[in-house]
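Step one of this worksheet: look at the structure below.
The values are calculated or read from the model by the stated rules, or taken from the named source; none is laboratory data. Note that this is a predicted model, so its numbers are computed, not measured. Here the Cβ is made from the backbone with ideal geometry for all residues, glycine too, and neighbour counts use every protein chain on show.
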Amino acid sequence: MSGLFPISRTRLRAQIIKELLSILRDPRSRMVLVGPPLMQLLIFSFAATLDVTNVDLGIFNRDSGRASQEFVAAIAASNFAGDLHVAHSARELRELIDTRQAIAVVEIPPTFSRDASTGRAAVAQVTIDGRRANAGQLTLGYLSAIAANTGVQLARDGTPMAEPSVVRHWFNANRIYRWFIVPGLSGILSTFIALLVTALSIARERELGTFDQLLVSPTTTLEIIISKTVPALIIGTVLGTVMICAGIFLFGIPFRGSFPLLFGCLVLFILSMVGIGLMISSVSSSQQQAILGTFAVAVPSVLMSGFATPVENMPVFLQYLAQAIPLKHFLIIVQGSFTKGMPLVDVLHNTWPMAVIAVVTLSAAGLFVRSKLQ
Amino acid sequence: MDANSSAGPRREDGAAVIVDGVVKAFGDLRALRGIDAQIRPGRLTGLVGPDGAGKTTLMRIMAGLMTPTEGRVSLCGLDVSSEGEAVHAITGYMPQRFGLYEDLTVLQNMSLYAELRGMNRRQHSDTFERLLDFTRLQPFTGRLAGKLSGGMKQKLGLACALMATPRVLLLDEPGVGVDPVSRQDLWRMVKALTDDGMAVVWSTAYLDEAERCEHVLLLNEGKLEFDGPPAALTGRLHDRSFRIDEVGDERRAVLARALDLESVCDGVIQGAAVRVVLRENADREPLEQLAAEVGGSLDAVPPRFEDAFVDLLGGGPGGTSELAERMQAVELDSEIAVSCRHLTKRFGDFAATDDVSFEVRRGEIFGLLGPNGAGKSTTFKMLCGLLTPSDGEAHVAGHNLRSATSQAKRQLGYMAQKFSLYGLLSVGQNLEFSAGVYGLEGRIKRERIDEMIEIFQLGPYLKASPDSLPLGFKQRLAMACALMHRPPVLFLDEPTSGVDPITRREFWTHINGLVRRGVTVMVTTHFMDEAEYCDRVALMYQSRLIALDTPDALKQKAVTAERPEPTMEDAFIHLVEAEDGDNEETATDADPAADQMREHAESKDVPATAKRDARAQEIAHRRFDLRRLAALVRKESLQLVRDPSSILIAFALPVMLLFLFAYAVSLDIRQVRLGVVLESDGAAAHSLAAAFSGTRYFEVTPAHDRREVAGQLISGKLAGYVVIPQDFETRAARHGSEPLVQIITDGSQPNTASFVANYANGVLGNWLASHAAALPPAPRITLKPRFWFNPEIDTRRALLPGAVAIVMTIIGTLLTALVVAREWERGTMEAIMSTPASVPEILIGKLLPYFLLGLAATIGTALLVILAFGVPIRGSWLALLAMSSAFLVPALGQGLLISSMARNQFIAAQLALLSGFLPAFLLSGFIYEIDSMPLPIRGLTHLVAARYFIDSLRTVFLAGDVWPMFLANMAAMLAIGSVFFFFAMRKTRKTLDT
């Protein structure tokens, strides 16, 4: 009860129960807490794909030979193409792109089939919508593959020929985007929940005046911090676990790592987010400030975490900054645990930064709560 | 009078307001159950009743803000529900929180309300001068309303309500939280107004205020209990009010015994005396006996309104506190329970508490009084450990609050004005929490909780939320929570503010009982009746202690010839004014400002008044008035400029987001870490390996064994590797009958994996082409790619224009949602709605500044995108602005709808995030290709306005003006926007009614 860490188990238990109840007793707030994240997991895991499927293309075929017909047929049969718009003039072709009816248009010159049959390179012009740079690049990749393949088929007239390289995608042979998105989303959505729950906890009590009530009781700063940490930790961990399980059982993503290890990392990750949330909460004097603070932390965290785009693409100093983002480390661990079966050493390598962040932020939150008394 | 006439205001001498059989139901709850009453001009009518009696509901109905479920109200001959606009033109309404914009100055607040009431500029200056004089706010015109003291805010609220000299003035609880000095000022002003012929309604839960009204409507549980002059009610109590004088130390025991008598219906402590009210036709014998026994004298005193009120409600509670009975006598080591020496608290240069010293003895009730802002809250907070003193020290029960905080805190119980209960927890859970947080456990905890439940009869409510409890039970629960750990010292911070007399009496019965058990009580209050219960009262003024004595001694100081028996309130005002050194102002009845007001009123001839009324009517009948709109827009812009958080959201956040989108979010793969496993020693193999190192796409890690690199693929250090096999040379010689190299990628990052495979194959293809010897037969078909609009395939160019849409969503939806929700929270929406301004005006006035801010932010972000990040703009600025304007319609509409649904900032923020920001980010095609989404989600994206905006933005920036596409997109955005606005209008119109 005394000494460096004055903690009373009774007081602590009472406060933890209070925190849990204030979040979970009201059925509406229970629903707000559980419903949207799971809904988002479902919607976004289908919506967020950088892969290209079902894109509309335009074709302007000025040649009537066999090569051009085979090529067009191969494009139409491919599984990434949606509708194929047939154009009859260069203007129409241009309009298809301008008005965004097609992401790319292929123009086949009159000499195409002749060139192909005489062994010269038959060149088709592909115009891609640069406004959709990423999807455009992927589309070009697919079209090139179709072109090469059609050429080979024509040349060998049915006898197969080996590609110059064998490509193997490890861990996710068919590059199913969902396998990447779902584990990542579990991290992102837990981030938002853990941050919001904790960021509002002190700010709300301050607005309602119950924080004064708490401060006049014999409870200590350490107890307040612990009691605000534990419920958010439990809620964040449970939801995170549910989403990870949804990834395994609902989305059927192979899980090759160690579940207990991942669970431990999840707890540590949520703890570091809770620390950040409490820090926001202890410096905010109103709920509005806490909400804006959460927003200002969560959005850059997600953007710089490597979820939308790889961390390696960022400028070096942002890469250093990204080290301070718990989500960045957790994403590596959770994605590693799913398809890669990441070994212990590699997991630990990404674990310690989260531990450092948790210790720093939780202590800072404690200091802020104490100094607010001044 | 013909109540059915609707041909404009009528000028009879009859009632100003006629309330006819009004019933108001909220769901099952009937707030008003058939009220009939009349309010006459030239008279101050008090609308009196305990909390939850239906006062505010009736006020809102009279102000035309709510429609009655049954019955009707006519105001100066106008029906309030059907002729709302006309009613608003001749009514002044001050809602409970005064309806002021705290971030506007005094003068700006006044201008706003003046223009909303259709006053012209020339009229302004006259009226302003008159009102500023009248309210004595002249020196503070440039000050922000939020920086005014409670009393000054209230005067400003009154000045705003008085703009354009209304014929009926409705004041909803103007006295709450205001100190006696300010309250006296208010009385003076209202008196001047009624003398001028205005009908004034003053709602209050304080019965001493009711007594000063000329006419009283007494409400209880939605029913009208009494309608008449207060004297008519007090008259019924003739010869039933008595005072037992000179009982001093015994007064608490005497009160308890008196209240336990059958014949006594009510009793309170007044300084050293006890005031008692007998039941109707009761025998005074037992009371005389009691007085004789305790050696006090029994004198008849004139009845008060409060006596009559308590009598009407069937009398107060008994005198025995079961709580105190159960509680053991408190043992405290020291005779001094609370003490402070040279206590000082400085905030910057300002000392909120300046060198305050006093001691509170064990078993004493010690009151801390003072005007608003005098420093009593600061002092109080230091004494219970909520603030650390800058200087001096404070002890509770012998423990120094600075060094032994925890020990000291265990000795004190605390109960605040707002009761500080956890609304999200049930009653039982609140009790459990309080017991636990004070370290009670096991059997003792169980016993104490059960005891509290029994004493306070909380049994039936255990599962309910404290917010749903009747006020009396809420107070009991708060007491139970504060007393669970049996503290020897109890701190009460305005414990009965806004509480009805019966509940208040029950509260003091318990407190008196506790004090007799040796508990020490510290109390702050604005309520002078509460001060009478104190043994000693400390009066603070301008951060210092100016008086400390017993209530009777303080009252004695205020005795004058014309005031032989001053009340506590008189004493308070006297002492504060003596300190100020200028007594002349309020001591004399002649009030220059009030006189001026009266003169002003008299000087106006009747036709002028009629003309003014007619004009106000005319303006009010206009559903849309540009001047009112301009006033609202000006107000909103001033607030916008003044609030740093809006500026932060509008300008700092976009810069941060653009920066992140420019640098952190890049889909361009450069410098991907690729392993190249060179197993062959041949020259060709070496040249291929060199080809991989030579490209800017890869950062190559060379290796000779694939096991080396496989581990790095797992740990994420490499995104893939290429194996150049041992027999590479021989395979190359065989001209393509078998593959030359193996490319392994990290498929857990599918996007990167695709790029690695594509680019590695590209490098290989190029190498093959340039090494003809190794060349297999040339593939016959090649593609010549050309990227329109973005030849360098810079994804940043595609992302940044889209970022403008994200920024606009934040400003439009999130900011609007928060700002409008704040207006509801602060009660200013109500004040605006009681003016003649119509709902479309209010909404447009609110949104226009945000619309302009949105456009400004668009231009700002667009310039940043063009100048700082080098994205070209190939279309016209006209198109850009047209598209942005079209997008702001749904964005603002959505924010408005959210705020009218949520009306609380937290839920508003949540909804804005869920329905605004995330869809704009994920479902708009900003990063993720809409075409690649499954059909149901693709359908969903059509409802996201950002989708159309982002589409258009990219075209304007990268392609140019494609008007057919723009027009289609604009139509879609406007359609979505109109749906939002339609629902927002509907929701706002009926918001107060639900």
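For (1) of a type in the set (Gly, Ala, Ser); (2) in contact (Cβ under 8 Å) with a residue 12 or more places away in the chain; (3) over 23 Å from A:Leu200 (Cα atoms); (4) out of contact with any Asp or Glu (no Cβ under 6 Å at 6 or more places or on another chain), each residue gets a yes or a no:
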position	(1), (2), (3), (4)
A:Leu222	no, yes, no, yes
A:Leu233	no, yes, no, yes
A:Gly240	yes, yes, no, yes
A:Ile244	no, yes, yes, yes
A:Phe249	no, no, yes, yes
A:Gly252	yes, no, yes, yes
A:Phe255	no, yes, yes, yes
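With the requirement that a residue be facing chain B (nearest Cβ under 7 Å), of a type in the set (A, V, I, L, M) and under 29 Å from A:Ala308 (Cβ atoms), what does region A:116-148 give you?
Within region A:116-148, A:Val126, A:Ile128, A:Ala133, A:Ala135, A:Leu138, A:Leu140, A:Leu143 meet the criteria.
Among the residues of region A:359-371, is there at least one that is at the interface with chain B (Cβ under 10 Å from one of its Cβ atoms) and in a loop (DSSP other than H, G, I, E, B)?
no
Please work out which residue is nearest to the chain's Cα centre (by Cα), limiting yourself to region B:931-950 and to residues that are within 10 Å of chain A (Cβ to nearest Cβ) and crowded, with 22+ Cβ neighbours inside 10 Å.
Per the criteria, the residue is B:Ile950.
Could you say which residue among A:Ser258, A:Ser285 is modelled with pLDDT under 95, hydroxyl-bearing (Ser, Thr, Tyr) and more than 20 Å from A:Ser22 (Cα to Cα)?
A:Ser258 is the lone residue from the list that is modelled with pLDDT under 95, hydroxyl-bearing (Ser, Thr, Tyr) and more than 20 Å from A:Ser22 (Cα to Cα).
Please go through region B:212-258 and give me each residue that is aromatic (Phe, Trp, Tyr) and over 16 Å from B:Gly46 (Cα atoms), ordered by number.
Answer for region B:212-258, where residues must be aromatic (Phe, Trp, Tyr) and over 16 Å from B:Gly46 (Cα atoms): just B:Phe242.
Could you give me the residue pairs with C-beta distances under 8 Å whose first residue belongs to region A:318-334 and is within 11 Å of A:Gly184 (Cβ to Cβ) and not assigned by TED's automatic domain parsing to the domain that holds A:Gly275, whose second residue is in a helix (DSSP H, G or I) and at pLDDT below 90 wherever it lies, and which are 6+ apart or on separate chains?
none
Taking only pairs six or more apart or across chains, which ones have beta-carbon atoms under 6 Å, a first residue in region B:484-510 that is outside any loop (DSSP other than H, G, I, E, B), and a second residue that is acidic (Asp, Glu)?
Every condition considered, the pairs that remain are B:Pro501/B:Glu306.
B:Cys213 fails exactly one of the following numbered conditions: (1) under 30 Å from B:Glu70 (Cβ atoms); (2) in a helix (DSSP H, G or I). What is the number of that condition?
Going through (1) under 30 Å from B:Glu70 (Cβ atoms); (2) in a helix (DSSP H, G or I) one by one, B:Cys213 breaks only (2).
Going by what's in this entry, would A:Gly264 be described as out of contact with any His (no Cβ under 6 Å at 6 or more places or on another chain) and either within 30 Å of A:Ile224 (Cβ to Cβ) or not assigned by TED's automatic domain parsing to the domain that holds A:Val34 (or both)?
yes
If you take just the strands (runs of 3 or more DSSP E) that sit entirely in region A:23-112, which of them hold at least 2 residues that are in contact (Cβ under 8 Å) with a residue 60 or more places away in the chain?
A:55-61
Hey, any hits in region A:288-296 for a residue that's within 19 Å of the chain's Cα centre (by Cα) and either surrounded by fewer than 20 Cβ atoms within 10 Å (Cβ to Cβ) or more than 9 Å from every other protein chain (Cβ to nearest Cβ) (or both)?
yes
How many residues does region B:336-385 hold that are assigned to a loop (DSSP other than H, G, I, E, B), over 27 Å from B:Arg517 (Cα atoms) and within 14 Å of chain A (Cβ to nearest Cβ)?
Qualifying residue count for the region: 1.
Which one of these is more than 10 Å from chain B (Cβ to nearest Cβ) and over 25 Å from A:Ile224 (Cα atoms): A:Leu42, A:Leu33, A:Leu57?
A:Leu57
Among the listed residues B:Ala920, B:Ala975, B:Ala912, B:Ala886, which satisfies the condition of being within 11 Å of another protein chain (Cβ to nearest Cβ) and out of contact with any Pro (no Cβ under 7 Å at 6 or more places or on another chain)?
B:Ala912
Suppose we filter region B:433-478 for residues that are away from chain A (no Cβ under 12 Å), without any contact (Cβ under 8 Å) to a residue 24 or more places away in the chain and assigned to a loop (DSSP other than H, G, I, E, B); how many remain?
The number of residues fulfilling the criteria is 1.
Taking the condition of being outside any helix (DSSP H, G or I) and in contact (Cβ under 8 Å) with a residue 24 or more places away in the chain, how many residues in region B:95-148 meet it?
21
Give me the residue from region B:169-191 that is among the β-branched types (Val, Ile, Thr) and more than 15 Å from B:Cys213 (Cβ to Cβ) and, out of that set, surrounded by the fewest Cβ atoms within 10 Å (Cβ to Cβ).
B:Val176
Can you go through B:Val944, B:Val979 and tell me which one is modelled with pLDDT of 90 or more, closer than 24 Å to A:Thr53 by Cβ and of a type in the set (Val, Ile, Thr)?
B:Val944
Would you point out which residue out of A:Ile224, A:Ile270, A:Ile253 is in a helix (DSSP H, G or I) and in contact with a Gly (Cβ under 6 Å, 6 or more places away or on another chain)?
Testing whether each residue is in a helix (DSSP H, G or I) and in contact with a Gly (Cβ under 6 Å, 6 or more places away or on another chain) leaves just A:Ile270.
Among the residues of region A:236-257, is there at least one that is within 14 Å of chain B (Cβ to nearest Cβ), under 22 Å from B:Ser434 (Cβ atoms) and buried (at least 23 other Cβ atoms within 10 Å of the Cβ)?
no
Residue-by-condition table, conditions (1) modelled with pLDDT of 85 or more; (2) within 60 Å of the chain's Cα centre (by Cα); (3) surrounded by 15 or more Cβ atoms within 10 Å (Cβ to Cβ):
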{"site": "B:Leu657", "(1), (2), (3)": "no, yes, yes"}
{"site": "B:Leu678", "(1), (2), (3)": "yes, no, yes"}
{"site": "B:Ala689", "(1), (2), (3)": "yes, no, yes"}
{"site": "B:Gly711", "(1), (2), (3)": "no, yes, no"}
{"site": "B:Val741", "(1), (2), (3)": "yes, no, yes"}
{"site": "B:Ile744", "(1), (2), (3)": "yes, yes, yes"}
{"site": "B:Gly747", "(1), (2), (3)": "no, yes, yes"}
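Counting only residues that are crowded, with 22+ Cβ neighbours inside 10 Å and at the interface with chain A (Cβ under 8 Å from one of its Cβ atoms), which one in region B:388-415 is nearest to B:Gly472 (Cα to Cα)?
B:Tyr414
Answer yes or no as to whether B:Leu881 is surrounded by fewer than 20 Cβ atoms within 10 Å (Cβ to Cβ) and either in a helix (DSSP H, G or I) or within 14 Å of another protein chain (Cβ to nearest Cβ) (or both).
Criteria met by B:Leu881.
Quick check: anything in region B:195-210 over 10 Å from B:Gly46 (Cα atoms) and in a strand (DSSP E or B)?
Within region B:195-210, one or more residues are over 10 Å from B:Gly46 (Cα atoms) and in a strand (DSSP E or B).
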